[in-house]
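Have a look at the structure below, then the notes.
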Amino acid sequence: MSAAPAFPRGVVPSMNTPFHDDGSVDLASIRRCAEATIQAGAAGMLILAVAGEGSSLSAIEKRQVTQAFIKQAAGRVPVIVGCSSSAAPERLTLASMARELGAPAMLCQVPDGMSGDALASHLGELAQVGPPLLMLQDLDWAGAGLALEDITLLQRRFKAFQAIKIEVVLPGPKYSAVLAASNGALHVSGGWAAAQMMEALHRGVHAFMPTALDRVYGRIFSLFHDGQIDAARALHARLAPVLAFSNQHIGVSIRFFKHLRQREGLFDTALCRPGVPALDVHQMRELDATVAYALALQSDIV
């Protein structure tokens, strides 16, 4: 089996974008959070993705956010820049910006309705203007996502396409299918994989992209690869209350982890921009209790 390419292995959190009370981007909080993430042992960072409310950011803000993360990382871990958009010209602009600012890799969601030669043609354009490595986001909230035949077609055509983030219904079998079809040469990561992390580890998934709790996820990953499977499983089981609350909806997840970051002292506010649904009083009660639980869990990881 071929070795997977030099994408980061381990925990590569999808980073939230912090905002000031007036809704503007909080660059100081970005720097604090990026540094804490690196110190927690994360293998990399993904920015401007769904967790980062990337669709709410202007072009200027996306440049500012990217610059802040890349400068703080200072080459210690790779920063993967999200270049997804519903508009092809914007995808190309974001890819070009990522390359200009020195990002080693970009992530692009498979555009709606695009497959086969049309998808290959567009990804070829992205590969020409973007960073040297491309991670494709195979995101399908309700189905199986990109066909395996298209994934192998893209792998044959583009050297830059070396990684895929799989977020589909029943992701486990697809992890295995992609790893087998690519002879292990494609780097496979899971975005929704936090709840099924043990299964994904046994399947050979290379990286996991949850948001926050980096030390906890990192410890699970290292315990598993050190052969301490039972210890990894026991620690993963302790995440159950967090997963039960945060995984019920992407909006709940974004709000939960922003509140967690604020309680950690990394974000000044937990503000979300319009588009992220507000939580009612009952949800906020559970959020507060679950944040307290998550902080206690993190404190057990030395």
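Taking residues in region 204-222 that are more than 19 Å from His187 (Cβ to Cβ) and in contact (Cβ under 8 Å) with a residue 24 or more places away in the chain, and partners anywhere that are assigned to a loop (DSSP other than H, G, I, E, B) and polar (S, T, N, Q), the pairs with Cβ atoms closer than 7 Å and at least 6 places apart or on different chains are Thr211/Asn16. Among the residues in region 163-174, are any assigned to a loop (DSSP other than H, G, I, E, B) and under 24 Å from Ile47 (Cα atoms)? For region 163-174, residues assigned to a loop (DSSP other than H, G, I, E, B) and under 24 Å from Ile47 (Cα atoms): present. List every residue pair whose Cβ atoms lie under 9 Å apart, where the two residues are 6 or more positions apart in sequence or sit on different chains, the first residue falls within region 252-270 and is free of Cβ contacts under 8 Å to residues at least 12 places away in the same chain, and the second residue, located anywhere, is assigned to a helix (DSSP H, G or I) and of a type in the set (Phe, Trp, Tyr). Matching pairs, first to second residue: none at all. Which residue is surrounded by the most Cβ atoms within 10 Å (Cβ to Cβ), if the candidates are limited to region 135-163 and must be within 21 Å of the chain's Cα centre (by Cα) and of a type in the set (D, E, K, R)? Restricting to residues being within 21 Å of the chain's Cα centre (by Cα) and of a type in the set (D, E, K, R), the top hit is Asp138. Please verify whether Ala231 is open to solvent by 50 Å² or more (accessible area, probe 1.4 Å), assigned to a helix (DSSP H, G or I) and either of a type outside the set (D, E, K, R) or in contact with a helix residue (DSSP H, G or I) (Cβ under 7 Å, 6 or more places away or on another chain) (or both), treating the condition exactly as stated. Spelling it out, it is not the case that Ala231 is open to solvent by 50 Å² or more (accessible area, probe 1.4 Å), assigned to a helix (DSSP H, G or I) and either of a type outside the set (D, E, K, R) or in contact with a helix residue (DSSP H, G or I) (Cβ under 7 Å, 6 or more places away or on another chain) (or both). Look at Phe208 and say whether it is at pLDDT 95 or above, out of contact with any strand residue (DSSP E or B) (no Cβ under 7 Å at 6 or more places or on another chain) and open to solvent by less than 20 Å² (accessible area, probe 1.4 Å). So Phe208 does not fit the description; no.
Ala294 falls short on exactly one of the conditions (1) buried (at least 19 other Cβ atoms within 10 Å of the Cβ); (2) of a type in the set (A, V, I, L, M, F, W, C); (3) under 24 Å from Leu57 (Cα atoms), and that condition is (3). For Met1, the criteria (1) modelled with pLDDT of 95 or more; (2) in contact with a Gly (Cβ under 6 Å, 6 or more places away or on another chain); (3) not in a helix (DSSP H, G or I); (4) not acidic (Asp, Glu) hold in every case but one, which is (1).
Can you name the residue in region 234-276 that is within 17 Å of Ala294 (Cβ to Cβ) and modelled with pLDDT under 95 and is also least open to solvent (accessible area, probe 1.4 Å) among such residues? Once the filter is applied, the top-ranked residue is Asn247.
The values are calculated or read from the model by the stated rules, or taken from the named source; none is laboratory data. Small disclaimer: the values here were computed from a predicted structure and weren't measured. No Cβ is skipped: glycine too gets one built from the backbone with ideal geometry, and neighbour counts run over all protein chains shown. Ligands, DNA and RNA are stripped out before the accessible areas are found, and what is left, the full protein with its side chains, is counted by its heavy atoms. Shrake-Rupley method; radii C 1.70, N 1.55, O 1.52, S 1.80 Å.
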